[in-house]
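Since every read-out is calculated from the coordinates, none of them should be taken as a lab result. Note that the coordinates shown come from a computational prediction; the quantities given were computed from them, not determined experimentally. Cβ placement follows ideal geometry from the backbone for every residue including glycine, while neighbour counts extend to all protein chains displayed.
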Amino acid sequence: MEIYRIEDLSFAFPGKEKQALAHLDLTIAGGEFVTIIGRSGCGKSTLLRHLKTVLTPHGVRSGAICYMGQPLSETDQRTQASEIGFVLQNPDNQVVTDKVWHELAFGLESLGLDQQTMRLRVAEMASFFGIQTWFHKEVTELSGGQKQLLNLASIMAMHPAVLILDEPTSQLDPIAAMEFLETVSKINRELGVTVIMTEHRLEEVLPVSDRLIVLDDGAIIADGKPREVGEQLHAMGHSMFASMPAPMRIFAAAQHYDGNIPCPLTVKEGRQWLEDKRKVTDIAKASSDKQASSTAEEIAPVVVQFKDVWLKYEKNGPDVIKDLSFEVRKGQFYCIVGGNGTGKSTTLSLLSGIQRPYRGKVLIEGRNPSTMKAKDLFHNLLGVLPQNPQSLFVQKTVELDLHEMLSETKLTSEEKRAKVEAVAALAELEKLLAMHPYDLSGGEQQRAALAKVLLLDPTILVLDEPTKGLDGSFKEKLGRFLQELQARGVTIIMVSHDIEFCARYGEVCGMFFDGSMITSNEAKTFFAGNHFYTTSANRMARRIWPDAVTVESVIERCRNNQ
Amino acid sequence: MGRDSFSTYHPAVNFLYFAAVLGFSMFFMHPVLQGIALFSAAVYSVTLSGGKAVKFNVIYMLPALFILAAVNPLFNHAGMTILFYLKNGNPVTLESIVYGIAAAAMLVTVMIWFSCYNKVMTSDKFIHLFGKIVPALSLIFSMVLRFVPRFRHQIQAVSLAQRSIGRDVTQGNVVHRARHGLRILSIMATWAMENAIETADSMKARGYGLPGRTSFAIYRFDRRDRTVLVLMIVLIAIVLAGAGMGENTMRYFPSMRMKEQTLFSGVVYAAYSLLCMLPVIIQLVEELRWKYIVSRT
């Protein structure tokens, strides 16, 4: 049975010439798992919001949307509220009440169900989602992942026939995101609920999707099974292909679709394909050319040094940082990876002098950051980009915000304008200067925040999860931007969950566990030495080329060995 | 102290109990009843919060009791039993001293009762009770309780981010600090509105605004709630009857006079003690029953 039928849907925001959605035709059958992808601003969210009347944006619209055979606009609000579930991007903003149990019942209260029914539904959902253990908690005590699961559970309690999710995992760390997507897939599989979602984490989503739709400039450019769509995108030479899972990209570059072998989608399939292709005998001659670490690094002076640092928040509390020692040399791109709550972000607050160790030393160019004056520390020395770039903005427009950074310096207004213009050009912000910082997309906010920090001319740049919530093309831009800064002699220290990003752009990687640095090494050697904590390209190819870490290096080796 | 079993009763039972003991403590200025109330309040607060309550009662409440009792005779000169004269010629009377002690005891008792009330009547219990009278209110309460910690968290995040670019309220000279602080506050207002839009979407998406909204409660009024409620009503009725007969108050001025002690006054005292000690008794009974169950298995 078809759930949605969209016919020739066009939509433009008020006062805009350009159509956000252009002549869309789409039919979605019951029980399907549909993933919609596309660059930021391609109209994904706008399309999803058209699927529920209360969320539909204002603007000029033509065409028809039918839900269960009748026009959506004629579908009763009560039916829509319960049957069409909608999960939004930000886990925090969606939670309305202060207690988990109350939040679970929120939708049911709106529908006006009686106590007995609510009791049963809430109990059912809490059990299905494993919420029993935190049922009585305050919402504030939950992690981001738990909040998003709670939002999902609260919607599932209303027994929807279709579940619409708008980039639900963009604010979550990889482990929480996996758990969330697992749950969505379980809902689809075990309850037969139709799922329509937009998502960046294709590696996890594509294997469970029945159908993949690619939007570009408000139009559908590909629609079909994930493997077929990948093939189409590759044939088109479309930039979205760069967001496809690593096995697919390697396969496309090395095999040139010939139709005989199905394209691998998961690491497992990719590995099987690669090893079949290579024959086992070749493994022996796997190259293991040890790369001598460049001598230039050895000479560069140490700019950041942690010496046997210990930290705890309370007198009798547990140690958050235990015996942490590492050093960063001038001009390095240093990545810190590791799980949640292992002390990565705390390390950054030690670095900016917000926390003080109770034993050991933190030194920035030989000085202790916690006793330095703010002016000395943050001018021409340390630039810190917080995890949430939004928290840096304080003005009405991006331009004012950038100027604000220079308001306490003694430059003339001419010099100030020149500086702001230069940094805006560097971060590609020229077109965005007149906008409110909160109206920018995630990637744009990230760049604007970076520009703001760069105005203080830092020589050491500290980044906390800069790739959170960014799509593939923005990540690439950010990566190149950081490399450019590095080329100018800026030292970069980055905390990240994004292994692929660290492997591609990082120079040295350190692994954090249980409050200290377990190991650190040159990025390539680091990931080649890990078995689990490494890129999917490496997990796929590690039996043949253990040192091939990025997709590009695997492709290159495939070509060389053909 | 781990758990208090009286807290697990229905909010209505909790609320009636506190309404009764607080009201009675405030209005009955009778030494026996006051003694009962002060003793029960102290015992219950210790059952609820253990050593912390002992500390609180001894360090703050006990001195408060003495000071308040000592201050009254300095300002209140009514009464006919004059003990001596102050330097300014005002008399200090026995009645004013006794009244001072009684008033101080009343104040301290009420304060201790309130500390217990705060422990037992959590916000969601209060919301549950009064949400029935004004349904929209319970949701608003709940949303406010959600919003306040979020706002505080965000203001911390912004302040921290600003500190790392040298623009927090703790940095710079006085003018700079004031400017930084104002800037942070103004952006917080924007932030709150910005996020409220998505919260509103999430509410609409879950059918908020449909007619006939109900409210979900995790509390159930069961048999043990009924038993305790009935018992409490009977006890309250006896105490009120005592009040009607003039058993529960005494005259302080111009001379102290108490109603004669009869069998009925004994009944009122017993009922009041039982009422005030009810949570402690419930706790003791449950503990004994638990020990018994454990010993049998």
- Query: Counting only complete DSSP H runs, which helices of chain B cover 15 Å or more along their long axis at the Cα atoms and score a mean Kyte-Doolittle of -0.5 or above?
  - Reply: B:11-27, B:31-49, B:62-75, B:94-120, B:135-163, B:174-205, B:223-244, B:263-296
- Query: Over segment A:72-209, what lengths in whole Å, largest first, do the semi-axes of the equivalent ellipsoid take, defined as the square roots of 5 times the eigenvalues of the alpha-carbon gyration tensor?
  - Reply: 22, 19, 13
- Query: Taking the simple approach of a point 7 Å from Cα along Cα-to-Cβ for both B:Phe126 and A:Asn260, what is their distance in nm?
  - Reply: 7.6 nm
- Message: In segment A:476-504, whose amide N lies under 12 Å from the spot 7 Å out along Cα-to-Cβ of A:Glu365? List them in ranges.
- Response: A:491
- Which residues does a label at B:Ala78 reach in segment B:222-256, if reach means a backbone N under 20 Å from a point 7 Å past the Cα toward the Cβ? B:246-256
- Note on the structure: Pseudo-spin-label distance B:Val234 to B:Ile218, built 7 Å along Cα→Cβ, given in nm, is 3.3 nm
- Note on the structure: To the nearest 0.05, the calculated FRET efficiency linking A:Gln116 and A:Glu2 through their beta-carbon distance, R0 being 35 Å, is 0.50
- Enter the mean projected area of the convex hull around the alpha-carbon atoms of segment B:69-213, in nm², rounded to one decimal. 17.3 nm²
- Per residue of A:385-392, count partner chain C-beta atoms within 10 Å of its C-beta, then hand back the mean as an integer. 6
- Message: With angles folded into 0 to 90 degrees, how steeply does helix A:413-426 sit against the dominant principal axis of chain A? Use alpha carbons for both and round to 10.
- Response: 60 degrees
- Item | Crossing angle, helix A:226-236 versus chain A [Cα axis fit, 0-90 degrees, rounded to tens] | 70 degrees
- With a ≥ b ≥ c the root eigenvalues of the C-alpha gyration tensor of the protein assembly as shown, is it rounded (a/c under 1.5), prolate (a/b larger than b/c) or oblate? prolate
- Task: Could you work out which residue, out of B:Phe27, B:Phe126, B:Phe75, moves most in a Gaussian network model of chain B, that is, has the largest mean-square fluctuation with Cα springs under 10 Å?
- Result: B:Phe75
- Task: Please average, across the residues of B:137-146, the number of beta carbons from any other chain that are within 10 Å of each residue's own beta carbon, and give a whole number.
- Result: 4
- Item | Backbone N within segment A:300-336 under 19 Å of label point (7 Å from A:Glu522 Cα along the Cβ vector) | A:300-302, A:327-336
- Query: Over chain B, what is the relative contact order in whole percent, taking alpha-carbon pairs under 8 Å and six or more residues apart?
  - Reply: 27 percent
- Message: Could you sort the peptides A:92-104, A:230-242, B:245-257 by per-residue average Cβ neighbour count (10 Å cutoff), highest mean leading?
- Response: A:92-104, A:230-242, B:245-257
- Note on the structure: CD proxy, 222 nm, the protein assembly as shown: helix-only mean residue ellipticity via -39,500 (n - 2.57) per DSSP H run with n ≥ 4, per residue, nearest 500, stands at -15500 deg cm²/dmol
- Task: Quote the FRET efficiency, to the nearest 0.05, computed for A:Tyr358 versus A:Asp514 with a Förster distance R0 of 25 Å and r equal to the Cβ-Cβ distance.
- Result: 0.90
- Task: Pull up the DSSP beta bridges for segment A:297-532 and report the antiparallel fraction as a percent, rounded to 5.
- Result: 50 percent
- Take every DSSP beta bridge with both residues inside chain A and express the antiparallel ones as a percent of the total, to the nearest 5. 55 percent
- Message: Distance between the C-alpha centers of segment A:66-89 and segment B:76-92? Whole Å please.
- Response: 81 Å
- Report the convex hull volume per residue for chain B, counting only C-alpha atoms, in Å³. 256 Å³
- Query: Pick from B:Phe151, B:Phe141, B:Phe56: which is most flexible by mean-square fluctuation in a GNM of chain B where alpha carbon atoms under 10 Å apart are linked?
  - Reply: B:Phe151
- Note on the structure: Across B:163-174, the residue-averaged tally of Cβ atoms belonging to other chains within 10 Å stands at 6
- Between the helical axis of A:442-454 and the dominant principal axis of chain A, each derived from Cα atoms, what acute angle in degrees is found, rounded to the nearest 10? 20 degrees
- Check: C-alpha center segment A:409-434 vs C-alpha center segment A:442-500, spacing in Å is 18 Å
- Do any of A:Lys16/A:Lys431; A:Lys330/A:Lys477; A:Lys99/B:Lys204 go past 21 Å between their Cα atoms, and which? A:Lys330/A:Lys477
- Note on the structure: Placing each pseudo-label 7 Å from Cα in the direction of the beta carbon, B:Leu107 and A:Val302 end up separated by a distance in nanometres of 6.3 nm
- Item | Estimated FRET transfer efficiency when R0 is 35 angstrom, pair A:Ala123-B:Met26 (beta carbons, to 0.05) | 0.25
- Query: What residue among B:Ile36, B:Ile281, B:Ile82 shows peak mean-square fluctuation when chain B is described by a Gaussian network model with Cα springs under 10 Å?
  - Reply: B:Ile82
- What is the P(r) of segment B:123-190, as percent of Cα-Cα pairs per 10 Å bin from 0? 20, 33, 19, 18, 10, 0
- At q = 0.23, 0.29 1/Å the base-10 log of I(q)/I(0) from the Debye formula over the alpha-carbon atoms of segment B:24-70 is -0.91, -1.06
- Message: How much of the DSSP bridge set in segment A:2-238 is antiparallel, in percent, rounded to the nearest 5?
- Response: 55 percent
